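Taking it in order: structure first as structure tokens, then the write-up.
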Amino acid sequence: MGKLVVQADRMENEENPTGLRFGAPAYERIAQDLRNRVSSGELTEGRMLPGRRALAVEYKVSLPTIERAVANLVSDGVLRTDLRRGTFVGQVAKTSSTTPQKIAALGIMAPLRIPATAHDMTHNGTYAMVGAFERAISRSGNRTTFFNLWRDAPEGEDRLSAAEGYEALVAQGVSVVVAANALRQADMGPIRRIAASGGVPLVIVNEEKVSPPLFVVHYDHADAAHQAANHLLDGGCRSLLYFSARVSSWGEQRWEGVRRAVSEAGLPRENVLDATNREAVETDAPIHDATQGGLAHARRLFAGNANLLAGGGVGVIAANDQMAWGFIEAAAERGMKMARDYLIVGFDDMPESRDLGLTSMRPPLENLGEEAATLALQAIQGPSSARRISLHSELVARNSSRFVMPVLVGTR
């Protein structure tokens, strides 16, 4: 396609063709210039725009300025984005170039405990997602309305349901509702009915077990565990143990990823053990209790099988970092050290894991928030574009996933 050439006098000449006041922010002038070119037919429906960096060079502005201008046009439906293919001119009715842009209010609900402890991954992870979402929406020129399912619950109740949070945000006039780490099992039915009602669009963040017409962005727990398992197998482990102090939906997905890796490696089924505590079920209890839960569960495992790690070559995949810490402590009580007697990988990449040398799977928390913002802006355009985005974790390798070779005294 031809280049979008921006002439200096096009943006600032006396006729001011953008229809904006002189001195308006650059992103507003660029957005209006592109809007005018779409309205005039110069940029036709379905045409792909150059990449963000190319636009930044041609408009002689920074990349964030271009991103904000494009996000505004995506919000208005002037442009549409395909994360794999690029940005395209959408279906837009031709309007006067002087029509002011409508600022949309996007609602987001989440369960945030205030105050939270340093180890509360539910709070910290959700906080990171919500923050990334808010920053992305702000860059688009729109605004957010936040609703805390914990703080706004009536006295005596643990928290509001996702359906109650949705209704509260809709009552405040938002154009779309985003649920970040907000769904419990009891929420699934009501949320599906809300989505099917055709009301204010709903975007679900970090929950896989939902289906269209919802907009969903999540990270693939099974893929993360599959990566962790392959990393341990590549590191010399001959058998794997999946360790979790309680049953959870995400834990079951991770267990499936571990089993798949073992199967693909051609190892016998007996070389992988599910050491999940099936008597404990996931609740809304603060997740910082997971360390003590992991310690207690590991102690029970060792008490029932003193040879759990016998023979060496065992790789442990803990459901999260806190449970891994508990396992490491219980193993140390029996004289076993990580990287010497066994390898171990956790999830969530908590700050303390760096000090312990624990290899961990880092979740794409901020990416979840940013992609949720993209979906939310698209959702305003209508339910026909409902979609699902799956993100992947990143393995952060440290000492816990590498066997330390013994030093032979007297050799050179």
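The values are calculated or read from the model by the stated rules, or taken from the named source; none is laboratory data. No experiment lies behind these values; they were computed from the predicted model shown. As a convention, Cβ positions derive from the backbone with ideal geometry for all residues, glycine included, and neighbour counts pool all protein chains shown.
Would you check if L233 is in a helix (DSSP H, G or I), modelled with pLDDT of 90 or more, touching a helix residue (DSSP H, G or I) at 6+ places or on another chain (Cβ under 8 Å) and farther than 27 Å from L183 by Cα? Step through it out loud before you land on a result.
On the way: in a helix (DSSP H, G or I): yes; modelled with pLDDT of 90 or more: yes; touching a helix residue (DSSP H, G or I) at 6+ places or on another chain (Cβ under 8 Å): yes; farther than 27 Å from L183 by Cα: yes.
When the stated conditions are applied, L233 passes them.
Testing V170 on (1) more than 27 Å from D349 (Cα to Cα); (2) modelled with pLDDT of 70 or more; (3) in a loop (DSSP other than H, G, I, E, B), one condition comes back false. Which one is that?
Only one criterion is unmet by V170, namely (3).
Can you name the residue in region 193-225 that is farther than 19 Å from G107 by Cβ, more than 13 Å from the chain's Cα centre (by Cα) and not small (G, A, S) and, of all such residues, is modelled with the lowest pLDDT?
So, considering only residues that are farther than 19 Å from G107 by Cβ, more than 13 Å from the chain's Cα centre (by Cα) and not small (G, A, S), the one modelled with the lowest pLDDT is P212.
Tell me which of these A105 doesn't satisfy, since it passes every other one: (1) in contact with a strand residue (DSSP E or B) (Cβ under 6 Å, 6 or more places away or on another chain); (2) modelled with pLDDT of 90 or more.
Only one criterion in (1) in contact with a strand residue (DSSP E or B) (Cβ under 6 Å, 6 or more places away or on another chain); (2) modelled with pLDDT of 90 or more is unmet by A105, namely (2).
Might you check whether a residue that is closer than 29 Å to Q32 by Cβ, modelled with pLDDT of 80 or more and either among the β-branched types (V, I, T) or surrounded by fewer than 18 Cβ atoms within 10 Å (Cβ to Cβ) (or both) occurs anywhere in region 119-126?
Residues of region 119-126 closer than 29 Å to Q32 by Cβ: none.
Looking for residues that are closer than 29 Å to Q32 by Cβ, modelled with pLDDT of 80 or more and either among the β-branched types (V, I, T) or surrounded by fewer than 18 Cβ atoms within 10 Å (Cβ to Cβ) (or both), one finds none in region 119-126, hence no.
Could you grab the pairs with beta carbons closer than 8 Å, sequence gap of 6+ or different chains, first residue in region 341-353 and farther than 18 Å from L365 by Cα and assigned by TED's automatic domain parsing to the domain that holds Q253, second one aliphatic (A, V, I, L, M) and assigned to a loop (DSSP other than H, G, I, E, B)?
Listed pairs, sorted by first residue: D341/L309; Y342/L309; Y342/M336; I344/L358; V345/L358.
Does any residue in region 22-46 that is more than 13 Å from G141 (Cβ to Cβ) and part of a loop (DSSP other than H, G, I, E, B) come within less than 9 Å, Cβ to Cβ, of a residue that is hydrophobic (A, V, I, L, M, F, W, C) and at pLDDT below 80 six or more places away or on a different chain, and which pairs are these?
Qualifying pairs under 9 Å: L43/L4; E45/V92.
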